[in-house]
Amino acid sequence: MNNKYNETEHLIEYVIRHYSYLFTRLESLGFKAAMADEKAKSSSSTMAKKLRDKWGAENNPEVVEALSEGYDAFKFAVYTRLIKEHKNEIFINRCPNCNKIVKTPKAKQCPWCFNSWHEKNV
């Protein structure tokens with residue numbers, strides 16, 4: 001993710017990062033496999049093999065299928081399910097000044113406009 005604000009990208013990343021406890025087992029395995037694959041790309045061949053053997057998708061046809069349309073499509077599908085099934089549990093924290101998504105559900109400072117609401121009751 002770059003520093004330019006993209007509402008959709010930030011929303012998906014925010015929900016996935018802060019509400020991973022709502023993932024299904026398959027979704028958790030999918031994210032672990034994608035992370036292992038990313039780490040394996042910059043590792044030695046021995047380490048890459050170990051990462052992919054332990055965390056990769058190759059040994060699990062369900063994970064292979066879940067990631068078959070690519071990592072971005074997988075993330076979007078997970079995000080969509082979470083919003084649909086857990087909309088009352090997910091809080092999207094937005095800056096009261098610029099309305100952009102901030103870093104965490106408890107953040108009180110905006111990385112975009114630098115507004116701070118630490119002392120305010122918002």
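The values are calculated or read from the model by the stated rules, or taken from the named source; none is laboratory data. All figures in this text were calculated on a predicted structure; none of them were measured in a lab. Reconstructed Cβ throughout: ideal geometry from the backbone, glycine too, with neighbour counts over all protein chains shown. Please note that ligands, DNA and RNA were not included when accessible areas were found on the heavy atoms of the full protein model with its side chains. Shrake-Rupley method; radii C 1.70, N 1.55, O 1.52, S 1.80 Å.
Of all segments of the chain bounded by GluC sites (Glu not before Pro) found in a DSSP loop with no more than 14 other C-beta atoms within 10 Å, the longest spans 1-57. The HN-Hα couplings worked out from phi for segment 25-40 by the Karplus form 6.51 cos²θ - 1.76 cosθ + 1.60 (θ = phi - 60°) are 4, 4, 5, 4, 4, x, 5, 5, 5, 5, 5, 4, 5, 5, 5, 5 Hz, whole numbers, x standing for Gly and Pro. For K49, the lysines whose Cα falls under 30 Å of its own Cα, not counting residues fewer than eight places away in the same chain, are K32, K39, K41, K75.
For K100, the lysines whose Cα falls under 20 Å of its own Cα, not counting residues fewer than eight places away in the same chain, are K4, K87, K108, K120.
How large is the charge dipole for the chain, taken about the Cα centre, if only the Cβ atoms of Lys, Arg (+1) and Asp, Glu (-1) carry charge, to the nearest 20 debye?
Details: 20 positive and 15 negative charges, 102 e Å.
Dipole about the Cα centre, nearest 20: 500 debye.
Provide the net charge surrounding P105, with neighbours chosen by a C-beta distance below 14 Å and charges set as Lys +1, Arg +1, Asp -1, Glu -1. Numbers along the way, then the final one.
On the way: positive: R17, R94, K103, K106, K108; negative: E13, E89.
Counting the neighbours of P105, the net charge comes to +3.
In summary, the aspartates and glutamates within cross-link reach of K106, defined as a Cα separation below 15 angstrom excluding same-chain residues under 8 places away, comprise E89, E119.
Using a 1.4 Å probe on the protein chains only, how many percent of the accessible area of segment 55-104 belongs to carbon and sulfur? Don't skip to the end; give the middle numbers.
Values: 1720 of 3350 Å².
Using a 1.4 Å probe with all protein chains present, segment 55-104 comes out at 51 percent carbon and sulfur.
Surface listing: L82, L22 arranged by accessible area from highest to lowest gives L22, L82, probe 1.4 Å.
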